[in-house]
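**Q** Right, I'll just put the structure down here and ask away after.
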Amino acid sequence: MSRNSTTAFPFANQTAHIDTYWGQFEEISKYNVSLNYLERLWLAWYTYMQNDVLATGIMSFVMHEVVYFGRSLPWIIIDCLPMFRRYKIQNVRVTAEADWELNMSNSRVNSKKSQRRKSNGNARCWSC
């Protein structure tokens, strides 16, 4: 491209590189006009990856993570809104250190109870 060009976008005349994902998407979009946008994205992904097993594994992992962590997003937003604070059941959050201490003390108590149950073989019911 010459310096005397009047194009506002200097990269507008360049063709898409086929070795990139979006280059694959552009090529697929040229020749597969009957596909909708999501189908073109999907086909570009598999064409770009060139390995069906790897492409499926990465995509399924990403989709799993989006669904797994995305399901809590509405509750994070609701927790930040002041109008819902009056409906909170627990106003004080438990710190990680306090939770750790509580769990460790419960595990020590439970191990002592299980030792007593093992030593008392004639007991017919579990003690709480």
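**Q** Name the residue, out of ALA16, ALA44, ALA55, that is surrounded by 12 or more Cβ atoms within 10 Å (Cβ to Cβ) and modelled with pLDDT under 90.
**A** On the way: ALA44 fails: modelled with pLDDT under 90; ALA55 fails: modelled with pLDDT under 90.
Checking each option against the conditions leaves just ALA16.
**Q** If I ask for residues that are among the basic types (Lys, Arg) and surrounded by fewer than 10 Cβ atoms within 10 Å (Cβ to Cβ), which ones from the stretch 58-87 would you list?
**A** Filtering the stretch 58-87 down to residues among the basic types (Lys, Arg) leaves 71, 85-86.
Answer for the stretch 58-87, where residues must be among the basic types (Lys, Arg) and surrounded by fewer than 10 Cβ atoms within 10 Å (Cβ to Cβ): ARG71, ARG86.
**Q** Here's another thing I want to ask about it. Quick one: would you say VAL62 is within 30 Å of ILE18 (Cβ to Cβ) and of a type in the set (Val, Ile, Thr)? Walk me through how you get there before you give the answer.
**A** Working: within 30 Å of ILE18 (Cβ to Cβ): yes; of a type in the set (Val, Ile, Thr): yes.
It is true that VAL62 is within 30 Å of ILE18 (Cβ to Cβ) and of a type in the set (Val, Ile, Thr).
The values are calculated or read from the model by the stated rules, or taken from the named source; none is laboratory data. Bear in mind the structure is a predicted one, so any value in this text is a computation, not a measurement. No Cβ is skipped: glycine too gets one built from the backbone with ideal geometry, and neighbour counts run over all protein chains shown.
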